[in-house]
Amino acid sequence: MSLLEIDNVTLRFGGVVAVNQVSFSVEEGEVFALVGPNGAGKSTIFNLISRFYDPAEGDIRFEGKSILSRQSHEIAGLGIARTFQNIELFEHATVLQNLLVGRHRHRQGNFMTELLFTPFVRGEERRHRSAVEHVIEFLDLQPYREKMIAGLPYGVRKVVEMGRALAIEPKLLLLDEPASGLSVEETQDVAFWIEDIKKQMGITVLMVEHDMHLVSSVSDRVLALADGKTLALGTPQEVQNDPKVIEAYIGT
Ligand code: ADP
Ligand code: MG
């Protein structure tokens, strides 16, 4: 069974077919990349998996079960975390607070037990802290731990955005353009982290990325899209050499 199955999914925005009968599966333990020119439908696929939109046709399954009956706030609880192409953090909170809030929003348990602050909740709190501290260490964010997001350089905010998703301890991590706007050195760090997220943490990664060097260096498989449609699926090498993919890039 695949971890994630996108099964013949279509989504239209008015007259635009943003995603047009797209099918692909992401296997547990792999890094899978979506590539394609702007407007290809890549972020829309993330938004469909996040349940921000209902597909007009098709099904999306996670661990073999359709997630179409789920609401977006339930998705993280299933084990799917994401980053946003435009970083979405609390600007006037610290790095630590952002990572903790990321977890708290998705935690089990209810408001009353939190108010009563039972031993169970205290145990949970410790678990949240240790998961977040682990992420801070993993992403080398110690120097920024208590710093406000608003004052941080773009490259660091980008890393915090990834940390916010990792802190949820997902089975599947969706990264929307993790290297966009980053320097060559920062992109290299992202490549190392993605490798470790896969190998050390055992998290499956689905990413959207324009930097083909990064895509080739970390991805097991790549799906190329253009105008909402599948162009090619295969290894990074196969996809980069596909005539339809080359044409789509030249055409833009
Ligand atoms: P990509 O991430 O591959 O650059 P998107 O998934 O953002 O592309 O967009 C795919 C197509 O859907 C584009 O034509 C875009 O203009 C359109 N689109 C995306 N989101 C919306 C929306 N919320 N409303 C209307 N059109 C949208
Ligand atoms: Mg996009």
Residue pairs within 6 Å by beta carbon, gap of at least six or interchain, first lying in region 41-60 and closer than 12 Å to VAL9 by Cβ, second away from ligand 1 (no atom under 12 Å from the Cβ) and assigned to a loop (DSSP other than H, G, I, E, B), listed first then second, are LEU48/PRO55; ILE60/ILE67
Filtering region 61-79 down to residues that are farther than 19 Å from ILE203 by Cβ and touching a Pro at 6+ places or on another chain (Cβ under 9 Å) yields LEU68
Criterion first (modelled with pLDDT of 95 or more, surrounded by fewer than 16 Cβ atoms within 10 Å (Cβ to Cβ), more than 16 Å from the chain's Cα centre (by Cα) and outside any loop (DSSP other than H, G, I, E, B)) does ASN8 satisfy it? yes
LEU214 - would you say it is free of Cβ contacts under 8 Å to residues at least 60 places away in the same chain, in a loop (DSSP other than H, G, I, E, B) and on the phi < 0 side of the Ramachandran plot? no
Give the residue that is surrounded by the most Cβ atoms within 10 Å (Cβ to Cβ), with candidates limited to residues of region 26-42 that are more than 9 Å from ligand 1 (Cβ to nearest atom) and in a loop (DSSP other than H, G, I, E, B). GLU30
Can you tell me which of (1) in the same structural domain as MET212 (by TED's automatic domain parsing); (2) part of a helix (DSSP H, G or I) is the one VAL156 doesn't meet? (1)
Working carefully through the options ILE60, ILE45, find the one that is in contact with a Leu (Cβ under 9 Å, 6 or more places away or on another chain), within 12 Å of ligand 1 (Cβ to nearest atom) and at pLDDT 95 or above. ILE45
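The values are calculated or read from the model by the stated rules, or taken from the named source; none is laboratory data. Note that this is a predicted model, so its numbers are computed, not measured. Note: ideal-geometry Cβ built from the backbone for every residue, glycine included; neighbour counts use all protein chains shown.
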